[in-house]
Structures are given as structure tokens and as C-alpha cells.
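Novice: Before I ask anything, here is the structure I am working with.
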Amino acid sequence: MQRCLRYTQDLGLPAFLEPGTRRILLDTNTVGAVLMPWQLGRTVAHRLRWEGQLGPVILHPHSDRSTFLTQPLDEQASDGPASDLSLLVRMNVGIASRRVRVVLPSPVDEDSGFRIWLGEPNLCLPSQRAVFDALTGAVSVTASAR
């Protein structure tokens, strides 16, 4: 319960406890989420940190995935993920749709190493466009190195 309160009060994340479990959930109605393989996520996180736009990132070591929390997607924006769809599919990147729930790290998750934060979570929620731009930059650097 204390962790859930910290997420809501200190970080402004509208988190809540799932009834009957110890899972802390976050609705993607007010926050966006971009999921990708961790190897790619490391490069994207590095680029976002360098640009001063790195927000909260959840690592899933057992599935080798990462979840970048972002501002909600503006589905009306012309520069949304649809313009990057082929890149997203090729790179195994997913975008959480609205009405999806993201599980935030709980003390039990962190103790088991199942779900952990990359660094200390912060208040900065980058736009999904910033994450896509960092992804595109990471992919272009990887492609030119081949």
C-alpha cells in the first residue's frame, strides 16, 4: 500500500492496488506505455537520458522486455506511431492501447527480480514521439554499424 501511495502522491501516477492481489496497476487512459526488447530499450533509454527526456522505465528481466511510461498518445496527431508502424513491427515494439493496465514494480516484484525500475522513477513523462525518435535514432545507428 505504501508503494502505491508513493506512486500516486510523489510521482503523480494514477496507480491502484488490484483487489485480492499485491499487484500495483496503472491505467493507460492517463499515461502511455511503449514496450520493446530490453537490448533495444537500453539504447533508447541512453538516448533519452542524453536528451534529458528519460522518464520511468520498467524492466522485465525474465522476459527481456522494457516498458517506457510516456505521456498519453494523442491519436489525432499526424506524427503518431502509425507513421512508424513498419519500424515498430520490425523491431518488436508495442504500444499499449487505452484501457490496458500496466503493472508497476511492487516490493515483491523487486525482491524477486521479476519487475524492476531502471533507476529511480521520476516525474518526467516524455512524449511518445520522443521515444519513437530515440528508437529511430537507435535503429539508424545500429544499421549504419553493420
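Novice: I need the strands (runs of 3 or more DSSP E) fully contained in the stretch 1-82, keeping only those with at least 3 residues that are modelled with pLDDT under 90 and open to solvent by less than 60 Å² (accessible area, probe 1.4 Å).
Specialist: Result: empty, no element qualifies.
Novice: Which pairs turn up if I take residues in the stretch 15-35 that are within 18 Å of PRO107 (Cβ to Cβ) and look for partners that are assigned to a loop (DSSP other than H, G, I, E, B) and open to solvent by 10 Å² or more (accessible area, probe 1.4 Å) with beta carbon separation below 7 Å, at least 6 apart in sequence or on another chain?
Specialist: Close Cβ pairs (under 7 Å, with a partner that is assigned to a loop (DSSP other than H, G, I, E, B) and open to solvent by 10 Å² or more (accessible area, probe 1.4 Å)) amount to LEU17/MET1; LEU25/GLU18; LEU26/PRO14.
Novice: Let me ask you something else. Quick check on my filter: what residues within the stretch 119-134 are in contact with a strand residue (DSSP E or B) (Cβ under 7 Å, 6 or more places away or on another chain) and either buried (at least 20 other Cβ atoms within 10 Å of the Cβ) or part of a helix (DSSP H, G or I) (or both)?
Specialist: Hits for the stretch 119-134 are LEU125, PRO126, GLN128, VAL131.
Novice: For the stretch 104-120, which residues satisfy the criterion of being in contact (Cβ under 8 Å) with a residue 12 or more places away in the chain and more than 11 Å from the chain's Cα centre (by Cα)?
Specialist: Answer for the stretch 104-120, where residues must be in contact (Cβ under 8 Å) with a residue 12 or more places away in the chain and more than 11 Å from the chain's Cα centre (by Cα): PRO105, SER106, PRO107, VAL108, GLY113, PHE114, ARG115, ILE116, GLY119.
Novice: Restricting attention to the stretch 96-118, which residues are over 15 Å from PRO14 (Cα atoms), hydrophobic (A, V, I, L, M, F, W, C), assigned to a loop (DSSP other than H, G, I, E, B) and open to solvent by 30 Å² or more (accessible area, probe 1.4 Å)? It would help to see each step written out before you state the result.
Specialist: From the stretch 96-118, those over 15 Å from PRO14 (Cα atoms) are 96-97, 107-118; that's our starting set.
Pick out the ones that are also hydrophobic (A, V, I, L, M, F, W, C) and you get 96, 108, 114, 116-118.
Now narrow it down to the ones that are assigned to a loop (DSSP other than H, G, I, E, B): 96, 114, 118.
Listed by number, the residues that qualify are PHE114, LEU118.
The values are calculated or read from the model by the stated rules, or taken from the named source; none is laboratory data. This structure is a prediction, so every number in the text was calculated from the model and none was measured. When we count neighbours, we look across all protein chains shown, and the Cβ atoms used for this are built from the backbone with ideal geometry, even at glycine. SASA here: full protein model, heavy atoms, side chains in, ligands and nucleic acids out. Shrake-Rupley method; radii C 1.70, N 1.55, O 1.52, S 1.80 Å.
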